[in-house]
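In what follows, a structure is listed as structure tokens, so that the remarks can point back to it.
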Number of protein chains: 2
Amino acid sequence: MSIENLSSNKSFGGWHKQYSHRSDTLGCVMRFAIYLPPQVASGQKVPVVYWLSGLTCTDENFMQKAGAHRVAAELGIAIVAPDTSPRGDDVANDDGYDLGQGAGFYVNATESPWNTHYRMYDYVLNELPALVESVFPVTGQRSVAGHSMGGHGALVLALRNPQTYQSVSAFSPISNPVSCPWGKKAFAAYLGNDTGRWAAYDASLLMRKAQKFVPALVDQGDADNFLAEQLRPEALEASAHISGYPLELNLREGYDHSYYFIASFIEDHLRFHGRHLER
Amino acid sequence: MSIENLSSNKSFGGWHKQYSHRSDTLGCVMRFAIYLPPQVASGQKVPVVYWLSGLTCTDENFMQKAGAHRVAAELGIAIVAPDTSPRGDDVANDDGYDLGQGAGFYVNATESPWNTHYRMYDYVLNELPALVESVFPVTGQRSVAGHSMGGHGALVLALRNPQTYQSVSAFSPISNPVSCPWGKKAFAAYLGNDTGRWAAYDASLLMRKAQKFVPALVDQGDADNFLAEQLRPEALEASAHISGYPLELNLREGYDHSYYFIASFIEDHLRFHGRHLER
């Protein structure tokens, strides 16, 4: 697997680096970013938190705006931030910000024209961790987190693969995509009109019947413009109640959907993951 | 003075807000951002650190990328980030990123066409603080800090106005603009070819003959691409040695010119200002 380093910045004693590589899963060149904490300089292998970003984002938003490096450096955790979709001139796209490039929704598309490249579920679950673990000084210990569309992705990945992740967390996740406009639009395009096939990518439906648990933390701002129509954390909470899922859901007064909200609570999330990741 | 609120985000228990106002000094509409720490909610007035950004920046770069809100919230300090130049269709501009809009260099221009609007020195020293102190719950206690071109601006403002600022700090400042390409280009355009008039805006020349002191902290990465040609901290250090100026200059191994460097050490800078600002 060839991988090209695009940038390097020292940050809190560790390193923020961007890479590109040819993804077999997605059939295109992909960029991702990794934060390597200072502990790796002494030969220590560290666990990884995978961060999945929201609509319109790339690998850069979280790394630049979340203020996460400080805590990751203290805890000795690497963070990997993939892009939010396949990219490129030969990759299908849409004029909307909520479909196509920048809006992969972390699913494996089955419908044309999306099924050629849009396989972000497999990419984040399999190809990217295999690459990261073959190239960087990291252990096989993984957690997953994300924001909005990426919060949905993180929850779905952990709920469907409890053996793979030590913990999962989300900010403002799209908790019940089968019942909100963002989810209905994306799932109809990527997965087709048979809504029965959507359930495999709906965190609330998955959590309702979950039997193996991954510790889960969700933060949601109550001043988030998307809360009632798109995010629906109450569906996730109801599902956790039914299955007895270990979900901690915090409603945060006055906070919105922005990275200022994420920055305010990312320390809690990283310490949560830090408690579940073996060193 | 009328002022319009453009955005509001809760952040670390306080508020990040953007405003626009008509500036008499600059003759155009200006945007700035303020971080108000949680202490103001209980009626407490707080001191202000003015943050001056570098070339191509707006009020947003520092607020989004520096991770400063966490520490400002803890210390009870407001941060005000102005734009880096006058803006607008009727404001003179240049194709270069290092002259014109986004590159005001915190001077009062004397040369046409720049002298119509480019008076960032007066704006940051007088008009903006008067506006901020009339509208927000802040005291008259001020410190000033900045990055690159903004580090130059912060040092010049504090060196020329020691009665106005309690402390000054800079990341990667343009320390001796009269002798570097960025400074020569901007000063020739804004101030004319009589280099004798440039000295009033050169931190190293000002510090060399300073008699009243403002505690000063400077951080500089040794992997900064601009270090040798543009920044010249050694000139500032030599001047401090001559005048006995209380300058702490830290050379940081491996760090570059990016906001990852600023984020890594902003806590030190805010705690430094916090020690000098009365509550």
*Carbon and sulfur: what percent of chain B's accessible surface (1.4 Å probe)?*
46
*Under a Cβ-Cβ cut-off of 11 Å, what is the net charge of the residues other than B:Phe261 that fall near it, where Lys and Arg count +1 and Asp and Glu count -1?*
-1
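Report the accessible surface area buried between chains A and B, summing both sides, using a 1.4 Å probe on protein heavy atoms only, in Å² rounded to the nearest 100.
Numbers: alone 10940 and 10920 Å², together 20000 Å².
Approximately 1900 Å², summed over both chains.
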*When chain A is turned about an axis onto chain B, which of its residues keeps its C-beta closest to that axis, and how many Å is it?*
A:Gly67, 2
*asked:* What does the structure give for B:57-65 when I average, per residue, the other chain Cβ atoms found within 10 Å of the residue Cβ?
replied: 2
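Can you give me the relative contact order of the stretch A:3-278 as a percent, contacts being Cα pairs under 8 Å and 6 or more apart?
Computed value for the stretch A:3-278: 17 percent relative contact order.
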*At A:Thr164, label 7 Å along Cα→Cβ: distances to the other copies, nm, ascending?*
5.7
*asked:* For B:Glu229, place a label point 7 Å from Cα along the Cα-to-Cβ direction in every copy; what are the distances to the other copies, in nm, shortest first?
replied: 4.9
*Taking a cut-off of 21 Å between Cα atoms, list the lysines near B:Lys45, but don't count ones fewer than 8 places away on the same chain.*
B:Lys10, B:Lys17
*Based on the alpha carbon coordinates of the stretch B:38-194, what radius of gyration and maximum Cα-Cα distance (Dmax) apply, in Å?*
15.7, 52
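Please report, largest first and rounded to whole Å, the three semi-axes of the ellipsoid equivalent to the stretch A:23-86, where each semi-axis is the square root of five times an eigenvalue of the C-alpha gyration tensor. Don't skip to the answer; put the middle values down first.
On the way: eigenvalues 110, 44, 11 Å².
In descending order, the three semi-axes are 23, 15, 8 Å.
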*asked:* If N is the number of residues in the stretch B:217-275, what value comes out of its Cα radius of gyration divided by 2.2 N^0.38 Å?
replied: 1.18
*Could you work out the equivalent-ellipsoid semi-axes for the protein assembly as shown, taking the square root of 5 times each eigenvalue of the Cα gyration tensor, largest first, in whole Å?*
45, 24, 23
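May I ask for the net charge around A:Tyr121, where only other residues with Cβ less than 12 Å from the Cβ of A:Tyr121 are counted and Lys, Arg are +1 while Asp, Glu are -1? It would help to have the intermediate numbers written out before the result.
Values: positive: A:Arg119, A:Arg160; negative: A:Asp122, A:Glu127.
Residues near A:Tyr121 contribute 0 overall.
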*Taking the C-alpha atoms of the stretch A:3-278, how large are the radius of gyration and the largest Cα-Cα span, Dmax, in Å?*
17.3, 52
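Could you give the length gained by full extension between A:Thr164 and A:Asn250, i.e. 0.36 nm per residue of separation minus their alpha carbon distance, to one decimal place?
On the way: separation 86, 0.36 × 86 = 30.96 nm, distance 2.48 nm.
Length gained, A:Thr164 through A:Asn250: 28.5 nm.
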_Can you give the local net charge around B:Ser23? Use residues other than it whose beta-carbon is closer than 15 angstrom to its beta-carbon, Lys and Arg +1, Asp and Glu -1._
-3
*Select from the stretch A:1-31 all residues whose loss of accessible area on going from the chain by itself to the full protein assembly reaches 50 Å² or more (probe 1.4 Å).*
A:Asn9, A:Lys10, A:Phe12
*Per q in 0.14, 0.23, 0.33 1/Å, what log10 I(q)/I(0) does a Debye calculation on the alpha-carbon atoms of the stretch A:206-250 return?*
-0.34, -0.79, -1.20
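Hey, what's the Cα Rg ratio for the stretch B:166-279 versus the globular rule of thumb, 2.2 N^0.38 Å?
Dividing the Cα radius of gyration by 2.2 N^0.38 Å gives 1.10.
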_Residue-averaged beta-carbon neighbours from other chains (10 angstrom radius) around B:70-80_ = 1
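Determine the shielding of peptide B:264-270 by partner chains: average, over its residues, the number of Cβ atoms on other chains within 10 angstrom of each Cβ. Mind dumping the intermediate values first?
Working: counts 9, 1, 2, 1, 0, 0, 0.
Partner Cβ neighbours, averaged per residue: 2.
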*From the label point of B:Ala199, set 7 Å along Cα to the beta carbon, how far off in nm is each other copy's matching point, shortest first?*
8.2
*Over the stretch A:3-278, average the accessible area per residue using a 1.4 Å probe and give it in Å², no decimals.*
35
*Cα centroids of the stretch A:51-97 and the stretch A:170-208: how far apart, whole angstrom?*
21
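The values are calculated or read from the model by the stated rules, or taken from the named source; none is laboratory data. None of these values were measured; they are calculated from a predicted model. Reconstructed Cβ throughout: ideal geometry from the backbone, glycine too, with neighbour counts over all protein chains shown. Accessible surface areas use protein heavy atoms only, side chains included; no ligands, DNA or RNA. Shrake-Rupley method; radii C 1.70, N 1.55, O 1.52, S 1.80 Å.
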